[in-house]
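A quick write-up on the structure given underneath.
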Amino acid sequence: MLKDFRQFLLRGNLVDLAIAVVIGAAFGAVVTALVSDLVTPLIAAIGGKPDFGDLAFTINSSKFAYGHFLNAVISFVIIAAVVFFFVVKPVNALMERFQTEKAVDEPTRECPACLSQIPNAARRCAFCTEEVGPAPAGAVA
């Protein structure tokens, strides 16, 4: 049972997830500091208030402090923008560059060695590197 628990803890996905959570928390702290110390005062200075954290209104003796909420919204938007422009876009471009899917209109055939789909014009399989020779006449998949 101890061996199974050790294998569970050392499984790649679990370790990767733990690292991602720690890095994400640290990144969130950095972005929150950036927003609260630089961006929010800059935006608030343009609007005439020194900080959004102090913004509040009162209705029937109930105080609604919406300034912290505005800081959190700005933090979320900046984090989302950073993740999109510095993680999602580059990874999508990289995946598109190394994409191995077949073209939509390109006829394919089966590799005799590994049974993967390869273009009819291929002389070598892209997956197993086996030489496959030219496609037989009239071969359409």
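Any read-out appearing in this document is the output of simple, stated calculations on the displayed coordinates, not a laboratory observation. Just so it is clear, the structure is predicted and the values come from calculations on it, not from any experiment. Here the Cβ is made from the backbone with ideal geometry for all residues, glycine too, and neighbour counts use every protein chain on show.
Take the Cα of residue 110, step 7 Å toward its Cβ, do the same at residue 123, and the gap between the two points is 2.5 nm.
Arranged from highest to lowest average of other beta-carbon atoms within 10 Å per residue, in what order do the peptides 80-91, 120-131 appear? List each step's numbers first, then the result.
Details: 80-91: 11.0, 120-131: 13.2.
Ranked from most to least packed, the peptides come out as 120-131, 80-91.
Residues whose amide H comes within less than 5 Å of that of residue 130, counting only those at least five positions distant or on another chain, are 125 (H built at 1.01 Å from N in the peptide plane). Full extension of the chain between residue 62 and residue 86 gives 4.4 nm of extra length, using 0.36 nm per residue less the Cα-Cα distance. Placing +1 on the Cβ of every Lys and Arg and -1 on the Cβ of every Asp and Glu, with no other charges, gives the chain a dipole of roughly 220 debye about its Cα centre. Pairwise alpha-carbon distances in the chain exceed 21 Å for 70% of all pairs.
Just the Kirkwood number for the stretch 45-116, please: inverse of mean 1/r across all distinct Cα pairs, in Å, one decimal.
Working: mean 1/r = 0.0569 Å⁻¹.
Answer for the stretch 45-116: a Kirkwood hydrodynamic radius of 17.6 Å.
Coupling constants for the stretch 20-26 follow from the phi torsions by the Karplus curve (6.51 cos²θ - 1.76 cosθ + 1.60, θ = phi - 60°), and in residue order they are 4, 5, 5, 5, x, 5, 5 Hz; glycine and proline get x.
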